[in-house]
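Enquirer: One structure is given below, represented as structure tokens, and several questions about it will come after.
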Amino acid sequence: MSNDLIITFLNGGLANQTFQYIFYRFLQLSRGSAEGVYMDDSFFYTHRIHNGYELEKVFGVKPALLSGLFDDDVWAEMIEQKKAGRSIPQQLLDMGEPINVLTESDTLQEFNPYSGEVYTAKGGCNRFHPRLAELEGEWYLHFYGLNTGYFLQFRDVLKEELSFMPFTEPQNKDIQARLLSEDSICLHVRRGDFVDIGRAVEPEYYREALEKLLEGHSGALLAVFSDDLGWCRDHADELGISLADKVIYVEGNRGESSFRDLQLMSLCKGMVITDSSFCMLAALLNDRLTRFVNLSGADFGWKLGGLAKQENN
């Protein structure tokens, strides 16, 4: 291996993958070269989550994956070792590589158990660390890259790379036309795994946010997206959905077509933002956003390049 090697963590569903891709590209673009920067795709050889690895399918991007750095038989053995509990950075250390591990998250030992010295990024999780592009030597970066700073630094390049395929489904085309022609507001209610791990947002949050977004916009079209639309219908009053005069519940985009919800969300002029990476990504990729509410208190460096007004007061 070369003396300069940066490996970035890759895992999760499409939104997490995309934020991690943005972080990876930030490093390459800041360094002025793509050489020596890789994404560790080993997670998808040992886990099945959501729809698997989706970056290439949804956006057509082809990052330099770590699996491509090794011969097939060597990589296959590394995957077997990972299944036995030896993470990729641990294996590199055991091979005699002077790998340094830097993490912003307390999930390091869960996903990448490591016996060597671990450095922790200052400021905690999800902060913007522009000087990471100056690293020299061999590094494994256990980062999720959720801070918007990584995107805004190279917004024009990343917006072009992270472009969706045109809609082909009649239902999505119809919804797209409505969202583009009306004063549309997006509400994304994530249930499912968030309920299981205790991260589900309380209905009062959505209601308060919608009150702010609908003030002065009584004729707005509210588009509701969720992995549990039945629950949303049953709790429409609590969620504030009933405050809107016009409501559509967006259905049909499941499984391999789940990304279409993300695409539709990115067309709305107003958004309720939560700490769901799916919701955050839709806001980041949204060129039409004029106003949003983020009451979560989560510090992700929430900036949209001055394109939208935050209706939090």
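Enquirer: Looking only at segment 162-201, which residues are in a helix (DSSP H, G or I) and loosely packed, with under 15 Cβ neighbours inside 10 Å? Break it down into steps so the answer makes sense when it comes.
Expert: From segment 162-201, those in a helix (DSSP H, G or I) are 170-181, 192-196; that's our starting set.
Result: P170, Q171, K173, D174, A177, L180, S181, G192, D193, V195, D196.
Enquirer: Of a type in the set (D, E, K, R), modelled with pLDDT under 90 and in the same structural domain as I185 (by TED's automatic domain parsing): does that describe D299? Before the answer, list the steps.
Expert: Numbers: of a type in the set (D, E, K, R): yes; modelled with pLDDT under 90: yes; in the same structural domain as I185 (by TED's automatic domain parsing): yes.
Considered against the rule, which asks whether it is of a type in the set (D, E, K, R), modelled with pLDDT under 90 and in the same structural domain as I185 (by TED's automatic domain parsing), D299 comes out as yes.
Enquirer: Does A15 satisfy the criteria of being surrounded by fewer than 21 Cβ atoms within 10 Å (Cβ to Cβ) and hydrophobic (A, V, I, L, M, F, W, C)?
Expert: So A15 does not fit the description; no.
Enquirer: I need a count of the residues in segment 78-118 that are hydrophobic (A, V, I, L, M, F, W, C), without any contact (Cβ under 8 Å) to a residue 24 or more places away in the chain and outside any loop (DSSP other than H, G, I, E, B).
Expert: Summing the residues that are hydrophobic (A, V, I, L, M, F, W, C), without any contact (Cβ under 8 Å) to a residue 24 or more places away in the chain and outside any loop (DSSP other than H, G, I, E, B) in segment 78-118 gives 2.
Enquirer: Please work out if R233 is crowded, with 16+ Cβ neighbours inside 10 Å and in a helix (DSSP H, G or I).
Expert: So R233 fails the test.
Enquirer: Here's something else I'd like to know. Looking only at residues in segment 95-117 that are of a type in the set (S, T, N, Q) and under 20 Å from the mean Cα position of the chain (by Cα), which one is nearest to H142 (Cα to Cα)?
Expert: T103
Enquirer: Something else: Would you check which residues across segment 143-170 are more than 18 Å from L55 (Cβ to Cβ) and polar (S, T, N, Q) and list them?
Expert: Passing the criteria: N147, T148, Q153, T168.
Enquirer: Sticking with this one: Can you spot a residue in segment 200-208 that is in contact with a helix residue (DSSP H, G or I) (Cβ under 6 Å, 6 or more places away or on another chain), of a type in the set (A, V, I, L, M, F, W, C) and at pLDDT 95 or above?
Expert: No, that holds for no residue.
Enquirer: Go through segment 56-77 and report how many residues are within 19 Å of L141 (Cα to Cα) and outside any loop (DSSP other than H, G, I, E, B).
Expert: 5
Enquirer: I would also like to ask the following. So, F43, is that one in contact with a strand residue (DSSP E or B) (Cβ under 6 Å, 6 or more places away or on another chain) and modelled with pLDDT of 95 or more or not?
Expert: no
The values are calculated or read from the model by the stated rules, or taken from the named source; none is laboratory data. What you are looking at is a predicted structure, and each value in this text was computed from that prediction instead of being measured. Here Cβ is always computed from backbone atoms with ideal geometry, including for glycine, and neighbour counts include all displayed protein chains.
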